[in-house]
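Step one of this worksheet: look at the structure below.
Bear in mind these aren't lab numbers, they're just calculated from the coordinates by the rules spelled out. Being a predicted model, the structure only gives us computed values, none of them experimental. We place every Cβ from the backbone using ideal geometry, glycine too, and count neighbours over all the protein chains shown.
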Amino acid sequence: MINSNTLNIIINEYNTPSYIFDENILIESIQNIKNHLPQNVKLCYAMKANPFLVEVLSTLVDRFEVCSPGEYEICKRCNIPPHKIIVSGINKTFESLKNIFLYSKGEGFYTIESPYQYELLRQTISDSDIQLIEKPKLLLRLSSGNQFGMDTSVLTAVYKKIIIDNLATVQGIHYYSGTQKNLKKIVKDITHLNKIKEALSDMDTSHLELEYGPGLSFPYFTNDDVDISTSLNEFTNELHSITAFTNITIELGRYIAANCGYYITKIIDIKSTNKSNYLIVDGGIHQLNYYGQLTGMKTPYLSLIRNKDAPQNTEDIQKYIICGSLCTSNDILVKTAELSSPHIDDYILFERCGAYSPTEGISLFLSRELPQVLLVHKNNEIEVLRDVIEINTLNSKK
């Protein structure tokens, strides 16, 4: 839990709503994951989960997966060296790849999602402006049955072409099949991955590594039956079943970022209508996003934070529907929250929202401003990563 003194400072000196990311909790999560993983297994952060954490994680993880030119630019601003970056994504272009290669000089890793993507990469590294210091390392993405990656027959054909062209090195296989997965689905993944080596049996695959996003399930809600330590132990045991690859990198996003994040929002109105109690807060569903939440039917981890001037009555516990500031009946953050005598100008602190909420919400709806983003450092110093941003100019003619 975030330090109470730090939280009081945030309440008194900063804006609501705000995102708060706690560096100590993030470091603790990384250490816990690494303690469970075998020593020879690397850790990659899928930065789409929360790009604000990239700089803090620069020395804590082995690699960063980027899925857009914009994410690559964030890595550059955070001084992430090119050799730690995996350039992924289904919409690569000649222009975006050229800009990346002008910076990376070929260092780093590049996923190949299709034969056309390989041709794009081939054209790019053959451009006269590109000066490489090493052959690009390619990760061929194996499809899990959706729009991402290639099936084994197409992947094999692309692999053979790369070897013939000799312009790049096949570093390994990239595989990701979804998020919030249980152990049964992960076991199915591993069985599938072990068979890929059979499909490539006429080639030397002894050097290939596996870049694997297991999509480990994270417990967002109070009735979730997922225990983090137990699921990590079970996953680690299954990792030993991977026999097709010697070198493995585990790619995690949500599982790394979720626990370190908070969203604080102020109560601006309280009322009872048709025997239902409502709290209206200055945030909303455009800023707070839990995977699996639907019109507030599940209860996330949250707490009521008293305003220093509010009455301290804690005896009257009632059920409340927490709604945001959007003019839509869908803006329900929590359908049933049991709270003790909340008052206007008190705060609701939502926990476990360090992944996706800052970037995945419908943030332009109703032209409400983007929230402040705060990072609490190890010494409890508070840094403003992003101040409040007015967005009404984005939704109209200038």
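How compact and how long is the chain, expressed as Rg and Dmax of its alpha-carbon atoms in Å?
Looking at the chain, its Cα Rg and Dmax stand at 23.3, 75 Å.
What is the distance in Å between the Cα centroid of region 148-211 and that of region 242-304?
34 Å
For region 81-252, report the convex hull volume of the alpha-carbon atoms normalised per residue, in Å³, without decimals. Let's see the in-between values first.
Values: hull volume 22.0 nm³, N = 172.
Roughly 128 Å³ of hull volume per residue.
Quick check for me: using +1 on Lys/Arg Cβ and -1 on Asp/Glu Cβ, what's the dipole size of region 106-147 about its Cα centre, in debye to the nearest 20? Write down the numbers at each step before the final one.
Numbers: 4 positive and 6 negative charges, 41 e Å.
In total the dipole reaches around 200 debye.
Using 17 Å as the cut-off for backbone N distance, which residues of region 213-251 belong to the label zone defined by a point 7 Å from the Cα of LEU183 along Cα→Cβ?
Answer for region 213-251: 214-219, 225-242.
If I take R0 = 51 Å and measure r between the Cβ atoms of THR236 and ASN99 in this structure, what FRET efficiency does the formula 1/(1 + (r/R0)^6) give, to the nearest 0.05? If you can, show how the numbers build up before the last one.
Details: r = 38 Å, r/R0 = 0.75.
After rounding to 0.05, the efficiency reads 0.85.
Which residues does a label at ASP224 reach in region 243-271, if reach means a backbone N under 18 Å from a point 7 Å past the Cα toward the Cβ?
The answer is 251-264, whose backbone nitrogens lie closer than 18 Å to the label point.
Charges on Cβ only, +1 for Lys and Arg, -1 for Asp and Glu, centred on the Cα centroid of region 310-398; of SER341, ILE321, ASN379, which one is farthest towards the dipole's positive end?
ILE321
Go through GLY292, ASN307, PRO51 and say which Cα lies farthest out towards the positive end of the charge dipole of the chain; charges sit on Cβ, +1 for Lys and Arg, -1 for Asp and Glu.
Result: GLY292.
Return the FRET efficiency for the residue pair ARG386, ASN5: r is the Cβ-Cβ distance, R0 is 30 Å, and the value is rounded to the nearest 0.05. Could the numbers behind the result be given before it?
On the way: r = 23 Å, r/R0 = 0.78.
The formula returns an efficiency of 0.80 here.
Return the sequence-ordered ³J(HN,Hα) values of region 249-266 in whole Hz as given by the Karplus equation 6.51 cos²θ - 1.76 cosθ + 1.60 applied to θ = phi - 60°, using x for Gly and Pro.
Values per residue, Gly and Pro as x: 10, 9, 9, 10, x, 3, 5, 7, 8, 4, 5, 8, x, 10, 10, 10, 9, 8 Hz.
Per the helix-only calculation at 222 nm, which mean residue ellipticity applies to the chain, given -39500 (n - 2.57) for every DSSP H run of n ≥ 4 and division by its residues, nearest 500 deg cm²/dmol?
On the way: 11 runs with 110 residues, N = 398.
So the calculated ellipticity at 222 nm is -8000 deg cm²/dmol.
Roughly speaking, what is the centre-to-centre gap between region 64-141 and region 311-379 when only Cα atoms are used, to the nearest Å?
Spelled out, the Cα-based centre of one part sits 39 Å from the other.
To the nearest 20 debye, what is the magnitude of the charge dipole of the chain about its Cα centre, counting +1 on the Cβ of each Lys and Arg and -1 on the Cβ of each Asp and Glu?
Values: 37 positive and 46 negative charges, 145 e Å.
With Lys and Arg at +1 and Asp and Glu at -1, about 700 debye.
Semi-axes, largest first, in whole Å: what does sqrt of 5 times each Cα gyration tensor eigenvalue give for region 259-395?
On the way: eigenvalues 114, 74, 43 Å².
They are 24, 19, 15 Å, listed largest first.
Identify all aspartates and glutamates with a Cα-Cα distance to LYS48 below 14 Å; exclude those on the same chain that are fewer than 8 residues away in sequence.
Answer for LYS48, where 14 Å is the Cα cut-off: GLU65, GLU71, GLU73, GLU251, GLU360, listed by chain and number.
Between ASN24 and GLU198, what FRET efficiency comes out of the Förster formula 1/(1 + (r/R0)^6) with R0 = 51 Å and r the beta carbon distance, rounded to 0.05? List each step's numbers first, then the result.
Working: r = 46 Å, r/R0 = 0.89.
The pair GLU198/ASN24 has a calculated efficiency of 0.65.
From the residues PRO136, ASN8, LEU60, which one has its Cα farthest along the dipole of the chain in the positive direction, the dipole being from +1 and -1 charges on Cβ of Lys/Arg and Asp/Glu about the Cα centre?
PRO136
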